[in-house]
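Below is one structure, written out as structure tokens; comments come after it.
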Amino acid sequence: MRTFKHLKTVEKLGFVAKYVFLLGCVCTALFPLVWVFMSSFKTNAEILSNGISLPSRFSFDGYTQALKISPILQYFFNSVVITSITTVVNVFFLAMAAYIFARYQFRGKNILYLLLSLSLVIPMTALLHPVYMTINALHLANKKSGLVLVYTALNLPMSLLILRGTFQSIPRSMEEAAVMDGAGFVRVFFQIMLPMAKSGLASAGVLTFLNCWNEFTFALVLTSSQSARTLPLSLSYFTSQFSFNYTAMFAAIVIAIIPSIVVFALFQEQIVRSLTAGAIKE
Amino acid sequence: MKIKKRWLVLFLAPSVILFMLIYAAPLIMVFASSLTDWRLMSPGIHFTGFANYIRLFKDPDFYMALKNTLIWILIHCIAHVSLGVFLALILYKRPWGWKAIRTVYMVPNIISNAAIGMIFVNVFNPRFGVLNSLIRLLGFGDINKNWLMDAATAFPSVTMTWFLFAGYTTIIVLAQALSIDESMLEAARVDGASNFQIDRLIMLPLLKKIIGTTMVMAASYMLQMFDLIYVTTNGGPGKMTTNLPLLLYGVYRSEYNYAYANTIGVCIIVVGLFSMTLINRSFKVNEADY
């Protein structure tokens, strides 16, 4: 094993440069977050007198005020409801379709699959107004269910792609054995195929969850009152809601990002695997 | 295998209905209504041919938005993706702490854009923002620059809210790089190739397709960028940081000119198809890679 001491000068320089770069990347990612976190404990006067000083004392005043001023918990609750329902519905519906596409032949199959997967290349922001009209026509505007419908569709192409691949990778002998034993189509799907496709279901689920949790544009267009607005939207009101109470505003930002960071810390391996699942073929 | 027709229909129906409602019908509506004079208060909807497109090509706001969109796509596809690839090329050699670095660098990509936007509104705040505070600390005078609202700095400032956070590109390229057969690299090393040569002559060509894929993703992301701009500058000052989605939203929500908003929508779709085709051609990313 060669140690740092035994490297040539050029290699030493390269080694140092590499870690300077890596440190730069880490700081870029963390510094803004750490600063916001730190500022949420400072008093208003401290924030205004010096933006990068350390807090003189730790108090959670900002947090209690933030929760009083902004209905952040209501938005959080809406986000949880919309995102969890969307994730379950999306994965379930797309697993059904993906299974058919992976296993069975029928007339028009290739065209139908091409159409469904083409939706991956449609820039959805181009369809803001027509999607609103559709949702409005269904009487779902400004309702959580309207957002659930749109979000389920937004993640349709990715989930289809991932799940079809998963079902294709499961050996056919599994189903054939079950059919020999007299299991019907529905039982084969629920009792054999779904449990075996767990990894794909998890990947599609995580992707759908993240996309919904962070979605902003359609939430902005499709909602008009507190009852359906989601957490990302609540952030855009902070500037006006908190006017000059900066401590509370920083606290509110921390409250809004903490759930994502906790979930990422807990499930990072699964999340990283899911994020790469759509892009990489193994 | 055989399947009863009713199961086939039942299993496909939810996805097909979703597709019809949220993709197919709106797509037809966006093209069709761009040829009309549909507004909120108009007495009826009339076919007006290409009038909206003629207005589009005379609209200075449109050119500003198109220019910004294209510049941002270009920056994102080239500089942002390069940053991610460069980091992945360091991390795949598994240096000390590589997993932790990968995870930490990914954090800004996990948080919602609205939150990142709000954070940067504060970072760039003229009074207590990090940037001005740092400049004051380093002794460059009492600066009170409003980075996001100053015409000279608004565009680069908005760009900084997403430019450096290439975690998504990094983990995708890194996952591909880690799946490459170690023995191939070992053979090159035995033959005396330096790390730099291995990266340039072996890794990059092997990663070409996946880099193309991340570029397609980057282009599509930038084409549809809305939240970060909306939260930070809302397209201002003037129209300096407006892109196509923001222009569309403005026409839709303040002018209530639905037909013209959808004309901009058609334009977004066209720019999307054009840039995807271009990237796919140059990187030979085939469809199976998505």
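The values are calculated or read from the model by the stated rules, or taken from the named source; none is laboratory data. Everything quoted here is computed from the prediction, not taken from an experiment. Cβ placement follows ideal geometry from the backbone for every residue including glycine, while neighbour counts extend to all protein chains displayed. Just the protein is used for accessible areas: all its heavy atoms, side chains included, with ligands, DNA and RNA removed. Shrake-Rupley method; radii C 1.70, N 1.55, O 1.52, S 1.80 Å.
Does B:Pro14 satisfy being over 26 Å from the mean Cα position of the chain (by Cα), farther than 23 Å from A:Phe15 by Cα, surrounded by fewer than 19 Cβ atoms within 10 Å (Cβ to Cβ) and within 8 Å of chain A (Cβ to nearest Cβ)?
Here the answer is yes, as B:Pro14 does meet what is asked.
Results for (1) outside any helix (DSSP H, G or I); (2) within 11 Å of chain B (Cβ to nearest Cβ); (3) not charged (D, E, K, R), shown as yes or no for each residue.
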site: A:Val20; (1), (2), (3): no, no, yes
site: A:Glu46; (1), (2), (3): no, yes, no
site: A:Gly51; (1), (2), (3): yes, yes, yes
site: A:Thr87; (1), (2), (3): no, no, yes
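Got a sec? Which of A:Thr64, A:Thr9 is within 27 Å of A:Ala219 (Cα to Cα), open to solvent by 40 Å² or more (accessible area, probe 1.4 Å), assigned by TED's automatic domain parsing to the domain that holds A:Gln241 and of a type outside the set (Phe, Trp, Tyr)?
None of the others qualify; the one that does is A:Thr64.
Out of segment B:63-73, which residues are touching a Lys or Arg at 6+ places or on another chain (Cβ under 9 Å) and more than 14 Å from every other protein chain (Cβ to nearest Cβ)? Break it down stepwise before answering.
From segment B:63-73, those touching a Lys or Arg at 6+ places or on another chain (Cβ under 9 Å) are B:64-65, B:68; that's our starting set.
Across segment B:63-73, the qualifying residues are B:Met64, B:Asn68.
Among residues belonging to segment B:227-263 that are of a type in the set (Val, Ile, Thr) and in contact with a Phe, Trp or Tyr (Cβ under 7 Å, 6 or more places away or on another chain), point out the one that is farthest from the other protein chains (Cβ to nearest Cβ).
B:Thr241
Name the helices (runs of 4 or more DSSP H) wholly inside segment A:115-206 in which the number of residues that are over 29 Å from B:Met29 (Cβ atoms), more than 9 Å from chain B (Cβ to nearest Cβ) and modelled with pLDDT of 90 or more is 1 or more.
Once the helices (runs of 4 or more DSSP H) in segment A:115-206 are filtered for at least 1 residues that are over 29 Å from B:Met29 (Cβ atoms), more than 9 Å from chain B (Cβ to nearest Cβ) and modelled with pLDDT of 90 or more, what remains is A:156-169.
Select, from A:Leu222, A:Leu266, A:Leu275, the only residue that is modelled with pLDDT of 90 or more and either touching a helix residue (DSSP H, G or I) at 6+ places or on another chain (Cβ under 8 Å) or within 27 Å of B:Met217 (Cβ to Cβ) (or both).
Selected residue: A:Leu222, the only one of A:Leu222, A:Leu266, A:Leu275 that is modelled with pLDDT of 90 or more and either touching a helix residue (DSSP H, G or I) at 6+ places or on another chain (Cβ under 8 Å) or within 27 Å of B:Met217 (Cβ to Cβ) (or both).
Any residue at all in segment A:38-47 that is within 21 Å of B:Ser133 (Cβ to Cβ), open to solvent by 60 Å² or more (accessible area, probe 1.4 Å) and out of contact with any Pro (no Cβ under 9 Å at 6 or more places or on another chain)? If you could, list the steps in order and put the result at the bottom.
Within segment A:38-47, the subset within 21 Å of B:Ser133 (Cβ to Cβ) is A:38-47.
Filter once more, so that each one left must be open to solvent by 60 Å² or more (accessible area, probe 1.4 Å): A:45.
Going one step further and asking which of them are out of contact with any Pro (no Cβ under 9 Å at 6 or more places or on another chain), we end up with A:45.
Looking through segment A:38-47, at least one residue is within 21 Å of B:Ser133 (Cβ to Cβ), open to solvent by 60 Å² or more (accessible area, probe 1.4 Å) and out of contact with any Pro (no Cβ under 9 Å at 6 or more places or on another chain).
Name the pairs: first residue in segment A:239-266 and over 19 Å from A:Lys68 (Cβ atoms) and open to solvent by 30 Å² or more (accessible area, probe 1.4 Å), second residue among the β-branched types (Val, Ile, Thr) and not in a helix (DSSP H, G or I), Cβ to Cβ under 8 Å, at least 6 apart or on different chains?
Close Cβ pairs satisfying both conditions: A:Ile261/B:Ile111.
Can you tell which of A:Leu73, A:Leu30, A:Leu94 is open to solvent by less than 20 Å² (accessible area, probe 1.4 Å) and closer than 23 Å to A:Leu210 by Cβ?
Answer to the selection: A:Leu94.
When you go through A:Leu127, A:Leu116, A:Leu73 one by one, which is the residue that is hydrophobic (A, V, I, L, M, F, W, C) and in contact (Cβ under 8 Å) with a residue 12 or more places away in the chain?
On the way: A:Leu127 fails: in contact (Cβ under 8 Å) with a residue 12 or more places away in the chain; A:Leu73 fails: in contact (Cβ under 8 Å) with a residue 12 or more places away in the chain.
None of the other options fit; the residue is A:Leu116.
Could you check B:Gln224 against (1) open to solvent by less than 10 Å² (accessible area, probe 1.4 Å); (2) of a type outside the set (Asp, Glu); (3) within 11 Å of another protein chain (Cβ to nearest Cβ) and say which number it fails?
Every listed condition holds for B:Gln224 apart from (1).
Only one residue in B:Ala175, B:Ala188, B:Ala154 is within 9 Å of another protein chain (Cβ to nearest Cβ) and more than 18 Å from B:Ala219 (Cα to Cα), so which one is that?
Selected residue: B:Ala175, the only one of B:Ala175, B:Ala188, B:Ala154 that is within 9 Å of another protein chain (Cβ to nearest Cβ) and more than 18 Å from B:Ala219 (Cα to Cα).
Does any residue of segment B:133-156 turn out to be closer than 19 Å to B:Tyr92 by Cα, touching a helix residue (DSSP H, G or I) at 6+ places or on another chain (Cβ under 8 Å) and open to solvent by 10 Å² or more (accessible area, probe 1.4 Å)?
Step one: filter segment B:133-156 for residues closer than 19 Å to B:Tyr92 by Cα, giving none.
So far as segment B:133-156 goes, no, none of its residues is closer than 19 Å to B:Tyr92 by Cα, touching a helix residue (DSSP H, G or I) at 6+ places or on another chain (Cβ under 8 Å) and open to solvent by 10 Å² or more (accessible area, probe 1.4 Å).
With the structure loaded, tell me whether B:Gly49 is more than 10 Å from chain A (Cβ to nearest Cβ) and small (Gly, Ala, Ser) or whether it fails that test.
So B:Gly49 fits the description; yes.
Taking A:Tyr99 as the residue in question, decide whether it is within 19 Å of the chain's Cα centre (by Cα) and buried (at least 21 other Cβ atoms within 10 Å of the Cβ).
Criteria not met by A:Tyr99.
Taking A:Gly182 as the residue in question, decide whether it is assigned by TED's automatic domain parsing to the domain that holds A:Ser145 and farther than 30 Å from A:Gly278 by Cα.
yes
Determine, yes or no, whether A:Arg187 is touching a residue at least 12 places away in the same chain (Cβ under 8 Å), among the basic types (Lys, Arg) and farther than 30 Å from A:Thr43 by Cα.
Details: touching a residue at least 12 places away in the same chain (Cβ under 8 Å): no; among the basic types (Lys, Arg): yes; farther than 30 Å from A:Thr43 by Cα: yes.
Judged against the criteria, A:Arg187 is not a match.
What number of residues in segment B:27-55 are within 23 Å of the chain's Cα centre (by Cα) and either among the basic types (Lys, Arg) or open to solvent by less than 20 Å² (accessible area, probe 1.4 Å) (or both)?
Total meeting the criteria: 1.
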